[in-house]
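Since the structure comes first, as structure tokens, the remarks are kept for the end.
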Amino acid sequence: MNGGKLKNQSSGSEIAYDLLIGGMPAARYGDSFRMVTAMKTARDGTDLPVSIALGNIPASASYGVYSDSLLFNVMAN
């Protein structure tokens with residue numbers, strides 16, 4: 001959990017990203033993202049694609065592998 005940033009574990013370089021769920025951007029709240037919807041799904045669920053959109057990649061970003069860990073909570077009320 002890097003607060004919406006992909007992090008290079010070797011150099012510490014970071015690249016900011018936005019999270020999209022079902023093609024809609026999730027709002028960032030501090031280190032978390034939140035998406036509120038009134039969508040109703042069938043009993044067997046609905047597949048929603050999850051993707052990230054990279055922000056500006058700084059010229060100082062190091063070559064290598066960047067990663068972040070994501071945890072999803074789904075709530076209904």
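The values are calculated or read from the model by the stated rules, or taken from the named source; none is laboratory data. Computed from a prediction, not measured in an experiment: that's the story for all the values here. Heads up, the Cβs are rebuilt from the backbone with ideal geometry, glycines too, and the neighbour counts pull from every protein chain shown.
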Checklist entry - What is the number of the single condition among (1) at pLDDT below 85; (2) touching a Gly at 6+ places or on another chain (Cβ under 7 Å); (3) farther than 22 Å from Val74 by Cβ that Ser10 does not meet? => result (1)
Next on the checklist: For a quick check of your reading of the model, give me the residue pairs whose first member lies in the range 4-25 and is under 18 Å from Thr46 (Cα atoms), whose second is of a type in the set (Asp, Glu), with beta-carbon atoms closer than 6 Å and at least 6 apart or on different chains.
Outcome noted: Pro25/Asp18
Checklist outcome for this item: Leu54: passes all of (1) over 24 Å from Lys7 (Cβ atoms); (2) in contact with a strand residue (DSSP E or B) (Cβ under 8 Å, 6 or more places away or on another chain) but (1)
Checklist entry - From the set of residues in the range 43-52 that are over 14 Å from Val74 (Cα atoms) and either small (Gly, Ala, Ser) or in contact with a Gly (Cβ under 8 Å, 6 or more places away or on another chain) (or both), which is modelled with the lowest pLDDT? => result Pro49
Checklist entry - In the range 11-22, what residues are surrounded by 11 or more Cβ atoms within 10 Å (Cβ to Cβ) and not aliphatic (A, V, I, L, M)? => result Ser11, Ser13, Glu14, Tyr17, Asp18, Gly22
Item to check | Leading residue by the ranking (surrounded by the fewest Cβ atoms within 10 Å (Cβ to Cβ)) among those in the range 23-42 that are over 16 Å from Leu70 (Cα atoms) and at pLDDT 85 or above | outcome: Gly23
